[in-house]
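A.B. asks: One structure, pasted below without further comment.
The values are calculated or read from the model by the stated rules, or taken from the named source; none is laboratory data. Everything quoted here is computed from the prediction, not taken from an experiment. Cβ coordinates were reconstructed from backbone atoms using ideal geometry, including for glycine residues, and neighbour counts include every protein chain displayed.
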Amino acid sequence: MLDVTNLHAHYGRAHILQGVTLALREGEVLALLGRNGAGKSTTMKSVMGLVRPTSGTVRFCGDQLAGREPFEIARRGIGYVPEERRIFTELTVMENLEVGRRPPRQGIQPWTPERVFTLFPSLGAMRGRAGGRMSGGEQQMLTIGRTLMGNPLLILLDEPSEGLAPVLLERMAEAILALKREGMTVLLSEQNLHFARLVSDRACVLEKGAIRWEGSMASLMTDEAVRAQYLTV
């Protein structure tokens, strides 16, 4: 579904991505793992068109994305949940969801507020609550729900576990697994290895803008040397 080949990206003179190559198959969850500054978020922003790659290719369902505007990429079926959440704090839960609504996409069941509330039941109990009066975990759920209202084929989740209490962490993992059971394809950026292990099929480990290891999540969990070299603080 997603093919990223030899991707390079810069912030000014800083060379952030240095030849990132990865492939994501339909219906799987792929985790991008690495320490702060490894290039995980920049990889996602480059896929989404928020950072313009200086070279390399990004293909989604066979279509070239590099050079396209973010709204064009979203319309093709990629949803992006940023680390900063960026909900509309003055709007209610229902209004935030309506902002994200897009026309139905052929071949998939359209997302509605009721489907979002099935995925995140706690949101259903606060439909009229303003986004600014919600906890960080509730805002994270709302951001994902708003993104799903766009009927994406692929969703990019940037650090969805950050700052969540343990009970909300479990709910988030359950939600991602539920999306996977429905056939959603997920690219996940994470520093929380335990959370990534719960939901991911495969992992790519980044350091200094390059992929240093790639394989199944099960293999990563048995490779103590790789974890110690690239993931421990």
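A.B. asks: I need the full set of residues from segment 200-220 which are surrounded by 14 or more Cβ atoms within 10 Å (Cβ to Cβ), of a type outside the set (D, E, K, R), on the phi < 0 side of the Ramachandran plot and not in a strand (DSSP E or B), in order please.
C.D. replies: S200, M217, L220
A.B. asks: Could you tell me whether I73 is touching a residue at least 40 places away in the same chain (Cβ under 8 Å) and closer than 25 Å to M172 by Cβ?
C.D. replies: no
A.B. asks: Kindly evaluate L142 against the criterion of being part of a helix (DSSP H, G or I), crowded, with 16+ Cβ neighbours inside 10 Å and either out of contact with any Leu (no Cβ under 7 Å at 6 or more places or on another chain) or modelled with pLDDT of 95 or more (or both).
C.D. replies: So L142 passes the test.
A.B. asks: Wholly within segment 1-107, which strands (runs of 3 or more DSSP E) include no fewer than the required count, namely at least 2 residues that are closer than 21 Å to E190 by Cβ and more than 17 Å from the chain's Cα centre (by Cα)?
C.D. replies: 2-11, 14-24
A.B. asks: Something else now. Please give the number of the condition Y80 fails out of (1) in contact with a Lys or Arg (Cβ under 7 Å, 6 or more places away or on another chain); (2) closer than 23 Å to T43 by Cβ.
C.D. replies: Looking at each condition in turn, Y80 falls short on (1).
A.B. asks: Can you say whether G128 is loosely packed, with under 15 Cβ neighbours inside 10 Å and on the phi > 0 side of the Ramachandran plot, as far as the supplied structure shows?
C.D. replies: no
A.B. asks: Here are some residues: P152, P166. Which one is over 11 Å from F120 (Cβ atoms) and either in contact with a helix residue (DSSP H, G or I) (Cβ under 9 Å, 6 or more places away or on another chain) or of a type in the set (D, E, K, R) (or both)?
C.D. replies: Answer to the check: P152.
A.B. asks: Report, ordered by the first and then the second residue, all pairs with beta carbons closer than 6 Å, sequence separation of six or more or different chains, a first member in segment 144-161 that is within 14 Å of R85 (Cα to Cα), and a second member that is of a type in the set (D, E, K, R) and part of a helix (DSSP H, G or I).
C.D. replies: none
A.B. asks: Just a yes or no: is a residue in segment 17-36 on the phi > 0 side of the Ramachandran plot and out of contact with any strand residue (DSSP E or B) (no Cβ under 8 Å at 6 or more places or on another chain)?
C.D. replies: No - not one qualifying residue is present in segment 17-36.
A.B. asks: Tell me the residue from L22, L30, L50 that is buried (at least 16 other Cβ atoms within 10 Å of the Cβ) and touching a helix residue (DSSP H, G or I) at 6+ places or on another chain (Cβ under 9 Å), please.
C.D. replies: Criteria check complete, one pass: L22.
A.B. asks: Under 8 Å between Cβ atoms, which residue pairs at least 6 apart in sequence (or on different chains) link something in segment 192-205 that is more than 19 Å from S41 (Cα to Cα) and touching a residue at least 40 places away in the same chain (Cβ under 8 Å) with a partner that is buried (at least 18 other Cβ atoms within 10 Å of the Cβ) and not small (G, A, S)?
C.D. replies: Cβ pairs passing all conditions: D201/V29; D201/L30; D201/M217.
A.B. asks: Take segment 1-21 and flag every residue that is touching a residue at least 60 places away in the same chain (Cβ under 8 Å) and out of contact with any Ser or Thr (no Cβ under 8 Å at 6 or more places or on another chain).
C.D. replies: The answer is H15, Q18, G19.
A.B. asks: Could you list, in sequence order, all residues of segment 1-58 that are acidic (D, E) and closer than 22 Å to E72 by Cα?
C.D. replies: Across segment 1-58, the qualifying residues are D3, E26.
A.B. asks: Take V116 and tell me if it is touching a residue at least 40 places away in the same chain (Cβ under 8 Å), of a type in the set (V, I, T) and farther than 24 Å from A23 by Cβ.
C.D. replies: no
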